[in-house]
Amino acid sequence: MHKFIFVVGGVMSSVGKGVAAASTAKILQSRGFKVTNVKCDMYINIDAGTIRPTEHGEVFVGIDGIEADQDLGNYERFTGNTMTAKNYITTGQVYQEVIRRERNLEFGGEDVEVVPDIPNEIIRRLNVAAEEDGAEITIVEFGGTVGEYQVLLFLEAARMMKLANPEDVAITLVSYLPVPSHVGEMKTKPTQHASRTLNEAGLQADFIIARGPHKLDKPRRDRLATFCNMRDGYAISAPDVSSIYQVPLMFEEEDFGDKLLKTLHLEGPGKNLEDWKKFVDHTMALEKPVKIGVVGKYFGTGDYTLSDSYISVIESIKHAAWANDRKPELVWIDAEAFERDPTSVETLREFDGILVPGGFGERGVDGIMKTIEFAREEKIPYFGICYGMQLACIEAVRNIGGKTKANTTEVDKETPDPVVYLNPLQASNVIEKKYGATMRLGAYACNLAEGSLARQIYGQDSVSERHRHRYEFNNDYTKTLEECGLFISGSNPDTGLAEIVERRDHPFFVGVQFHPEFQSRPETPHPVFGAFIKASVENAE
Ligand code: GLN
């Protein structure tokens, strides 16, 4: 029998439902259960690949190439499990499948109805995920909040599952308890409304995760118990914390795991987060900083959106800094500032290392070029990811090779020196406007050149890394690149595509075509991030 825990949001989004779902999985996993996670997103998009990162946050890529919601990144980082397409469900996928079956006469002449056929398809998918991951407990997170029109059919699926197997389904409402400044006390009323909205959908929350600026006090607990039908102790305090990795510990302080097991009629060992606590305590005690400047675009819409767009990069820097006994200090630098005032690139000198993450389009590219040139000449550790690798190649060919018009065809279709270009397979996708799920996506092998820094860093001669890009380094320029001091130290064994470039005349100058940030874990940082931070620490010293 599979057990399911549904995690739904109340009052407002962005209060940490994803971290709550990931932490729930972590707690149960630490107690010896086989767990998995599923994220359900309410939009019609088939996947997150076609949504602007400033709209939706980072697009997380699975080994199978799924372009998913960033919460899958939290699930992977907290549990070490690998998420694939089955772990990510959107309304679009559900409807697409129901309509496909209807066209195939699979409904045997019946009319196809929104209820129950849509919830039935959701339930089928949840069972497939649980089955394929061999999970005893599946934690299912619904995007958005209760009361939104589009979440109704997903709530209906949860209701049908709970009705059929009441002992196998638990409902967690992650809700927000504001402290209005003119009142100065935590208000439960919005959560009471959210709880009642859930009741209208035929569901009763077993737990309320009470997000807010501080802990629940006795009167608040009592009020949630009375007005939201909560058992004593089943409203779990979740005050703001400085590190998301504290959240499982915080939940277990209130014996969340014991209570979950009781609700699901499971027997299991008690809490077991000692090692995790040691890890978290170590990270919190670090004082000596490593200062990393992250240069890119997507910087116009305020800090919140920004950090969401690059969440896996941010987490990877943290993991690597902690492993090097340093407190990560990240500064976001808008590449366009260097276009407005080229001399301001000098401000980069204060950083121990410079990272240029992935990106698309032409905005900010000139500023990134100045950044790369500066890091290269001043021998500041440089780590370029995806676009950051492509632009590093172009920078070298332009400024060292003297081909001043070298470019990526993403920015200049007519460039005489297309150092980065659309290879023929991709060109047809663009011409035919087939944009959804057609980039080079998911895990590909990368062979590491003998004697290279890359091979030394990984300690292996071949690795597998995840991709998400449309353009490629143009191998016609391999020799030119080498003449400019950049050599290809990693390439795909089947296609010969360039995967890693590095300089020998620099303390650390590495560009990777893939996205290593998707495979970094808190306790096992990604090797290239680790090496970059190590070089940055050495640079600082
Ligand atoms: N825009 C580049 C491409 O499509 C890089 C993509 C990225 O950085 N993720 O190839």
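Output the number of residues of the stretch 407-417 satisfying the condition of being away from the ligand (no atom under 14 Å from the Cβ) and touching a residue at least 40 places away in the same chain (Cβ under 8 Å).
Of the residues in that region, 1 qualify.
What number goes with the only condition from (1) surrounded by 17 or more Cβ atoms within 10 Å (Cβ to Cβ); (2) more than 16 Å from the ligand (Cβ to nearest atom) that Ala449 does not pass?
(1)
Quick one: is Phe383 closer than 16 Å to Gln513 by Cα and in contact with a Leu (Cβ under 6 Å, 6 or more places away or on another chain)?
yes
Only residues that are more than 20 Å from Thr415 (Cβ to Cβ) and in contact with an Asp or Glu (Cβ under 7 Å, 6 or more places away or on another chain): list them for the stretch 474-498, please.
Correct list: Gly485, Phe487, Ser489, Gly490, Ser491, Asn492.
What are the residues in the stretch 361-400 that are of a type in the set (A, V, I, L, M, F, W, C), in a helix (DSSP H, G or I), more than 16 Å from the ligand (Cβ to nearest atom) and touching a residue at least 60 places away in the same chain (Cβ under 8 Å), if any?
Correct list: Ala375, Ala396, Val397.
Each row is one residue, and each column tells you yes or no for (1) more than 17 Å from Gly442 (Cα to Cα); (2) surrounded by fewer than 23 Cβ atoms within 10 Å (Cβ to Cβ).
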{"site": "Ala20", "(1), (2)": "yes, no"}
{"site": "Ser23", "(1), (2)": "yes, no"}
{"site": "Lys34", "(1), (2)": "yes, yes"}
{"site": "Asn37", "(1), (2)": "yes, no"}
{"site": "Tyr43", "(1), (2)": "yes, yes"}
{"site": "Ile46", "(1), (2)": "no, yes"}
{"site": "His56", "(1), (2)": "yes, yes"}
{"site": "Gly65", "(1), (2)": "no, yes"}
{"site": "Gln70", "(1), (2)": "no, yes"}
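If a residue counts only when it is charged (D, E, K, R) and more than 22 Å from the chain's Cα centre (by Cα), which helices (runs of 4 or more DSSP H) contained entirely in the stretch 56-148 have at least 1 such residues?
Correct list: 91-103, 114-132.
Looking at (1) surrounded by fewer than 19 Cβ atoms within 10 Å (Cβ to Cβ); (2) over 27 Å from His193 (Cβ atoms); (3) over 15 Å from the mean Cα position of the chain (by Cα), which is the only condition Leu28 fails?
Unmet for Leu28, out of (1) surrounded by fewer than 19 Cβ atoms within 10 Å (Cβ to Cβ); (2) over 27 Å from His193 (Cβ atoms); (3) over 15 Å from the mean Cα position of the chain (by Cα): (1).
Which of the residues that make up the stretch 418-437 are under 17 Å from Gln513 (Cβ atoms) and either within 11 Å of the ligand (Cβ to nearest atom) or among the acidic types (Asp, Glu) (or both)?
Scanning the stretch 418-437 gives Val420, Tyr421, Leu422, Asn423, Gln426.
Which of the residues belonging to the stretch 350-360 are within 16 Å of the ligand (Cβ to nearest atom) and free of Cβ contacts under 8 Å to residues at least 60 places away in the same chain?
Phe360
Look at Ser491 and say whether it is among the polar types (S, T, N, Q) and over 25 Å from Glu378 (Cα atoms).
When the stated conditions are applied, Ser491 passes them.
Can you tell me which residues in the stretch 194-238 are more than 20 Å from Leu260 (Cα to Cα) and touching a Gly at 6+ places or on another chain (Cβ under 8 Å)?
Matches in the stretch 194-238: Ala194, Thr197.
Does Leu224 fit the bill of being in a loop (DSSP other than H, G, I, E, B) and crowded, with 16+ Cβ neighbours inside 10 Å?
So Leu224 does not fit the description; no.
Please state which one of Ile292, Ile244 is within 30 Å of Ile372 (Cβ to Cβ) and in contact with an Asp or Glu (Cβ under 9 Å, 6 or more places away or on another chain).
That would be Ile292, the only listed residue that is within 30 Å of Ile372 (Cβ to Cβ) and in contact with an Asp or Glu (Cβ under 9 Å, 6 or more places away or on another chain).
All but one of (1) surrounded by 21 or more Cβ atoms within 10 Å (Cβ to Cβ); (2) on the phi > 0 side of the Ramachandran plot hold for Gly80; state the number of the condition that does not hold.
Tallying (1) surrounded by 21 or more Cβ atoms within 10 Å (Cβ to Cβ); (2) on the phi > 0 side of the Ramachandran plot, Gly80 fails exactly one: (1).
Examine the stretch 499-521 for a residue that is within 16 Å of the ligand (Cβ to nearest atom), over 25 Å from Leu72 (Cβ atoms) and of a type in the set (S, T, N, Q), and state whether such a residue exists.
no
Conditions (1) of a type in the set (Val, Ile, Thr); (2) crowded, with 20+ Cβ neighbours inside 10 Å; (3) touching a Ser or Thr at 6+ places or on another chain (Cβ under 8 Å); (4) outside any helix (DSSP H, G or I), marked per residue:
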| site | (1), (2), (3), (4) |
| --- | --- |
| Glu252 | no, yes, no, no |
| Leu261 | no, yes, no, no |
| Glu267 | no, no, no, yes |
| Lys271 | no, no, yes, yes |
| Lys277 | no, no, no, no |
| Asp281 | no, no, no, no |
| Met284 | no, no, yes, no |
| Glu287 | no, no, no, yes |
| Val295 | yes, yes, yes, yes |
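Restricting to the stretch 460-475, give me the number of residues that are closer than 15 Å to Ala498 by Cβ, within 10 Å of the ligand (Cβ to nearest atom) and in a strand (DSSP E or B).
Residues meeting the conditions: 4.
Laboratory data are not the source of any read-out in this text; all were calculated from the coordinates shown. Predicted model, so just to flag it, every value in this text is computed and none were measured. We place every Cβ from the backbone using ideal geometry, glycine too, and count neighbours over all the protein chains shown.
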